[in-house]
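Inspection log for the structure reproduced underneath, given as structure tokens.
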Amino acid sequence: MRKIILTLTIICILCSCAVGPDYVRPPVNVPVKFKEAKSKSVIAPRKSKNWKVAEPQDACNRGEWWRVFHDPVLNNLELQLNRSNQTILNAFENYCQARALVDEARASFFPTLAASLSFTRQKSGGGSSSFVSSSSSGTSSTGTAVTGSSSSSSSISSSRTWLVNASWEPDIWGTVRRTVEADVDAAQASAALYALTRLSSQGSLAQYYFELRGLDNIQRLLDNTVRDYKKALQLTKNQYAAGTSSLADIALAQSVLQNAEASAINNGILRGQYEHAIAVLIGLPPAEFCIHASGNYYLTPPPVPIAVPSTLLERRPDIAQAERLMAQANAQIGVAVSAYYPTVTLTGSASSTAQGLGPISSIPTIGWSLGAQLADTILDGGLRSATVNAAQVGYLANVASYRQVVLAAFQDVEDNLISLRILNEQAIVEKEAVKSARLALKLVLDQYKSGTVAYSSVITAQVTAFTAEQTAANVDYLRMTSAVNLIKALGGGWDAASINAAG
């Protein structure tokens, strides 16, 4: 017994170690501040006492970030997407599967126990015999039981036997621990992918919605343009009747009107496609979904506070996913290294055999066994060395991938910052351009009515005014989609803490 206790104690001490490198997150180049955060619509970050090393927060509750746009229709659509989007549901089920694999790996920490119970009744002699046996057992066992028999009469014998086998392979070199560590990292990477899928789908829905609303505004502009061109055509006809215009002017006015009508009709194609895309995102067939047109949708992006750049590493799900995959690859090195070391397997079994099945039976025969096995690979043709090398190279590849994801994340933020900043500046100029174009059109129309300018000047002024208004409308919804992209680039939403950290 002392030897058994001493052996178990040594094994427990050895199980406290694990071969292979412990994971340490590699450094990445993090800027002090965002280069393009210059707009008054954002809070530009600066290095201060609030600067800190990034800590994973990709699992934080981002909340319903779309509510900053104050649109009830969008709010309702986003809630439907969170419940019914099939891509999100797929990512969630994959995450649940990854968690189950962790539990599967942890089961290797514990010994396996198998049991079997058998009943036998046999008749022999008299020129004929029969054998009936039934048993109830667990998993396969490594032990063997010998069943005896005794005659309950001159030609009938019966017996009952139970057998219990135990087997345990102590995790001396950390193979199981590294495997569990890798599976946990994989599950966390799957969780990050789930968060990334959800954020991406939410952002896509918001983008499609604002693009659709932008097309609604374009439709309103086209309808107004058609109405104005009809008035211009009637004016040209009146001028022709008065002898101050020609049939060529009427034909030109008619052509401009028809082109505007064609554009107004064509605008419905793209709007319908965005509506169909939104339907699929929220898990509905396009035929069962409709968004009613808005007569005059006011598109104004909200102010977006920008936290310190290190916070970006905490919130971006794609960065968290890449970092967890890197940790998984590191753990797999330990699994590969552990193959160099021998394995120890402890086994034990107990059995009991009794003759007779009734209340009166013989005294059972009890047996037991304990054993240990040490096994190691002597020659493998370089297999273990190649496996370790492959794991190390795989880790380095994941390190490069992680750093590239971080760089791409900062580029994503900078791209959307400069886009939103310049579009905000452009929107101001475009509004002034619309005012000037409308004034020029009014003046040219007055001159045309008085007969001092040709109708070609009216056409030029009309096209200029329409182009200015169309460009202004496009800039408005581009600002909204840029705001959505910036929120996605920052990891989805923000809170008071991030604003204070940036300040």
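At a glance:
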read-out: Count - residues of segment 255-291 that are touching a Ser or Thr at 6+ places or on another chain (Cβ under 9 Å) and either on the phi > 0 side of the Ramachandran plot or not in a helix (DSSP H, G or I) (or both); value: 3
read-out: Unique match (being among the charged types (D, E, K, R), assigned by TED's automatic domain parsing to the domain that holds residue 254, closer than 20 Å to residue 225 by Cβ and touching a residue at least 12 places away in the same chain (Cβ under 8 Å)) among 431, 442, 435; value: 431
read-out: Sole residue being of a type outside the set (Phe, Trp, Tyr), closer than 30 Å to residue 164 by Cα and outside the structural domain of residue 478 (by TED's automatic domain parsing), chosen from 312, 299, 370; value: 370
read-out: Residue count for segment 298-350, restricted to those that are over 30 Å from residue 19 (Cα atoms) and either part of a loop (DSSP other than H, G, I, E, B) or out of contact with any helix residue (DSSP H, G or I) (no Cβ under 8 Å at 6 or more places or on another chain) (or both); value: 14
read-out: Residues within segment 185-243 that are without any contact (Cβ under 8 Å) to a residue 24 or more places away in the chain and under 12 Å from the mean Cα position of the chain (by Cα), tallied; value: 0
read-out: Top-ranked residue of segment 430-441 - restricted to ones that are farther than 21 Å from residue 252 by Cβ and among the small types (Gly, Ala, Ser), ranked as surrounded by the most Cβ atoms within 10 Å (Cβ to Cβ); value: 433
read-out: Qualifying residue in segment 267-276 (condition: aromatic (Phe, Trp, Tyr), more than 35 Å from the chain's Cα centre (by Cα) and in the same structural domain as residue 412 (by TED's automatic domain parsing)); value: no
read-out: Set 453, 458, 444: member being surrounded by 15 or more Cβ atoms within 10 Å (Cβ to Cβ), more than 30 Å from residue 312 (Cβ to Cβ) and at pLDDT below 90; value: 453
read-out: Filter pass, residue 414 being at pLDDT 90 or above and surrounded by 18 or more Cβ atoms within 10 Å (Cβ to Cβ); value: no
read-out: Restricting segment 293-352 to residues that are within 28 Å of residue 206 (Cα to Cα) and among the basic types (Lys, Arg), the residue that is surrounded by the most Cβ atoms within 10 Å (Cβ to Cβ); value: 316
read-out: Flag for residue 387 being surrounded by 12 or more Cβ atoms within 10 Å (Cβ to Cβ), at negative phi and not assigned by TED's automatic domain parsing to the domain that holds residue 193; value: no
read-out: Scan of segment 297-333 for residues that are in contact (Cβ under 8 Å) with a residue 60 or more places away in the chain and of a type in the set (Phe, Trp, Tyr), ordered by number; value: 297
read-out: Qualifying positions in segment 373-394 - in a helix (DSSP H, G or I) and over 30 Å from the mean Cα position of the chain (by Cα); value: 383, 384, 385, 386, 387, 388, 389
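Results for (1) assigned to a helix (DSSP H, G or I); (2) buried (at least 23 other Cβ atoms within 10 Å of the Cβ), shown as yes or no for each residue.
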position: 204; (1), (2): yes, no
position: 207; (1), (2): yes, no
position: 214; (1), (2): yes, yes
position: 226; (1), (2): yes, no
position: 243; (1), (2): no, no
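The values are calculated or read from the model by the stated rules, or taken from the named source; none is laboratory data. Keep in mind it's a predicted model, so treat the numbers as computed, not measured. Cβ coordinates were reconstructed from backbone atoms using ideal geometry, including for glycine residues, and neighbour counts include every protein chain displayed.
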